[in-house]
Ligand SMILES: [Zn+2]
């Protein structure tokens with residue numbers, strides 16, 4: 001998944017710890033390596049295969065149907081326990097016979113335990129069910145919330161523990177199963193899943209899917225809408241609404257080449273096709289690495305292929321995450337940190353070092369801000385997290401992403417790129433389709449790369465990264481050559497040089513972001529006016545640049561941007577963009593503006609974005 005939020009919910013557990021805890025937590029090591037976010041007993045009863053037979057009903061906004069699990073019960077457990085979140089279970093058949101199941105009281109964040117009596121020889125458990133009123137994974141869009149404005153749209157976001165809100169399942173990253181599905185949708189719409197997908201609509205409205213590679217529940221995905229397909233090459237292509245398809249096809253031109261480059265770096269792509277689906281603008285995150293079919297926000301369609309590192313990120317997940325999976329959400333950095341490192345290496349391979357260096361520096365700036373927000377002593381700044389009793393969504397911060405990636409870069413700097421790449425290739429290969437805990441990774445790193453070299457181990461000092469708070473003192477930082485000119489331009493502007501005369505030839509999104517981020521806050525109104533007159537930031541079609549500019553506009557009370565901000569917030573659902581804007585309004589004297597705008601547009605946002613913003617705007 002690409003970049004979510006900078007965090008709010010963790011304020012409650014900030015402070016209270018100090019840097020002396022490092023030693024203590026090292027000793028207890030992986031006591032929090034058991035997945036506490038599932039109530040299922042899939043560690044005892046094997047759930048091998050799911051067959052999903054469901055109908056998508058836009059009128060009632062429900063998914064209903066039957067989930068049939070093929071199980072294996074070698075230990076003769078007397079029940080199968082699955083996760084369910086606000087599901088209505090109508091009946092359950094075990095090997096064709098009606099079973100007296102029980103659905104437990106909901107536990108905060110994780111939902112209910114669905115207990116089904118089984119025998120040693122039980123093989124098939126068929127659950128007839130309906131989704132609840134506001135499933136956390138689903139967003140139902142009205143036609144006017146789509147690009148085409150004619151048909152409704154539905155999509156899911158199952159990571160981290162939300163698959164259970166649309167499928168009764170064993171919902172832990174360490175539990176894998178294959179699946180098939182038969183999905184019935186209104187005629188005229190197409191259904192897509194994280195599986196082998198159709199490339200054309202059919203007349204029946206019934207679509208069949210097959211995923212023969214075992215995946216964890218968080219990679220279950222479904223999208224339904226007026227969707228069309230265009231190929232890029234023989235194994236890659238793009239899906240989007242008809243109004244978006246040509247822009248998407250242009251933007252994704254390089255994807256086929258990107259898959260080849262990724263394979264050159266870290267070994268074969270093992271998932272068959274690689275396609276991407278560009279969703280309507282309400283999608284709450286940048287992208288989601290659903291196998292065979294990345295889901296992504298239309299905010300990456302910049303018109304100039306400048307935001308393709310997001311696709312590099314989602315593609316990289318087909319090695320780190322989908323292939324080698326974090327065993328619990330406490331080990332999330334093994335998923336995202338590796339993916340950011342891989343994404344940067346891939347982007348560098350597709351461009352050059354000077355370009356890649358800019359991404360590392362912008363990432364470092366994000367990390368600094370996250371540590372500042374969380375508190376430099378917060379346990380939530382450790383790579384190894386303890387999310388017991390909390391929503392794993394709390395762990396989706398730039399700690400997992402940027403601190404995780406920076407640790408891998410530090411290791412690379414110390415061992416050299418050649419050894420690092422050989423190590424990672426071997427790591428992906430040897431752990432393919434398996435899960436791994438932080439402790440297991442550290443053991444593997446010792447055995448395969450550090451190899452008892454004490455001087456090397458001291459230089460990396462990995463415990464300070466994994467079990468320690470804040471940004472370790474040996475954190476690598478790049479000095480992008482391309483930012484030198486940006487810093488010069490900013491300084492010149494602040495010293496009075498007219499905005500129109502700044503030397504900005506050849507700047508990418510990265511340069512503009514760095515240019516704006518490092519401006520004093522707030523800028524004077526005249527300075528805002530001068531920049532806007534020269535570069536038209538208020539009407540920028542680049543969402544990254546627009547979002548940064550709007551934060552500055554709120555801080556400076558720059559009213560000419562307010563109509564554009566309102567429009568942006570009505571249209572875009574990506575939390576990464578929403579959160580800084582609402583945060584800035586709440587932090588300044590514009591709380592009422594935040595409440596008014598949020599009141600108008602809350603219903604446009606995905607339940608996950610609502611969850612985040614409800615805590616922020618109140
Ligand atoms: Zn990711």
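What follows is calculated from the coordinates using simple rules that are stated; it is not laboratory data. A quick note: this is a predicted structure, and the numbers were derived from the prediction, not measured. Here Cβ is always computed from backbone atoms with ideal geometry, including for glycine, and neighbour counts include all displayed protein chains.
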query = Could you give the length gained on full extension between residue 98 and residue 306, defined as 0.36 nm per residue of separation minus the Cα-Cα distance, in nm?
reply = 69.3 nm
ask   = What is the list of residues in segment 518-553 whose amide nitrogen lies under 15 Å from a point 7 angstrom out from the Cα of residue 500, following Cα to Cβ?
value = 529-536
ask   = How large, in Å, is segment 432-473 by the Kirkwood hydrodynamic radius built from its alpha-carbon pairs?
value = 11.5
message = I need the calculated FRET efficiency for the pair residue 433 and residue 235, taking r as the beta carbon distance and R₀ as 22 Å, to the nearest 0.05.
response = 0.65
remark   = Taking every alpha carbon pair in segment 8-226 and sorting the distances into 10 angstrom bins from 0 up to the bin holding the longest one, the percent per bin comes out as 8, 30, 32, 18, 9, 3, 0
ask   = Cα-based Rg (one decimal) and Dmax (whole number) for the chain, in Å?
value = 24.1, 81
ask   = What's the angle, to the nearest 10 degrees (0 to 90), between helix 404-415's Cα axis and the longest principal axis of the chain?
value = 70
message = If R₀ is 25 angstrom, what is the calculated FRET efficiency for the pair residue 592 and residue 571, using the beta carbon separation as r and rounding to 0.05?
response = 0.70
ask   = Under Stokes-Einstein, with the Kirkwood radius over Cα pairs standing in for Rh, what whole-number D in µm²/s applies to segment 481-613 at 25 °C and 0.890 mPa s?
value = 158
query = Using a basic spin-label model with each label point 7 Å from the Cα along Cα→Cβ, how many nm lie between residue 603 and residue 49?
reply = 4.4
task = Quickly work out the residue 250-to-residue 187 label distance, labels modelled 7 Å from Cα along the C-beta direction, and quote it in nm with one decimal.
result = 3.6
key: Relative contact order computed over segment 324-466 (Cα-Cα under 8 Å; 6+ residues apart), in percent   = 37
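Just want to confirm a number: the relative contact order over the chain, from Cα pairs under 8 angstrom separated by 6+ residues, in percent.
With pairs under 8 Å counted, the relative contact order is 14 percent.
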key: Theoretical gain in end-to-end length, residue 479 to residue 119 [0.36 nm per residue, Cα-Cα removed]   = 123.3 nm
ask   = Mean separation of Cα pairs under 8 Å and 6+ residues apart, divided by the residue count of segment 8-226: what relative contact order is that in percent?
value = 21
query = Just how far, in whole angstrom, is segment 113-182 from segment 439-463 if you go by their alpha carbon centroids?
reply = 40
remark   = Between residue 417 and residue 517, the FRET efficiency computed from the C-beta separation at R0 = 35 Å comes out, to the nearest 0.05, as 0.75
request  = Rounded to whole Å and ordered largest first, report the semi-axes of the equivalent ellipsoid of segment 428-541 derived from its Cα gyration tensor (root of 5λ).
outcome  = 46, 17, 14
key: Where labels lie 7 Å past Cα in the beta-carbon direction, separation of residue 372 and residue 526 in nm   = 2.7
request  = Can you tell me the equivalent ellipsoid semi-axes for segment 324-466? Use √(5λ) from the Cα gyration tensor, largest first, whole Å.
outcome  = 22, 20, 15
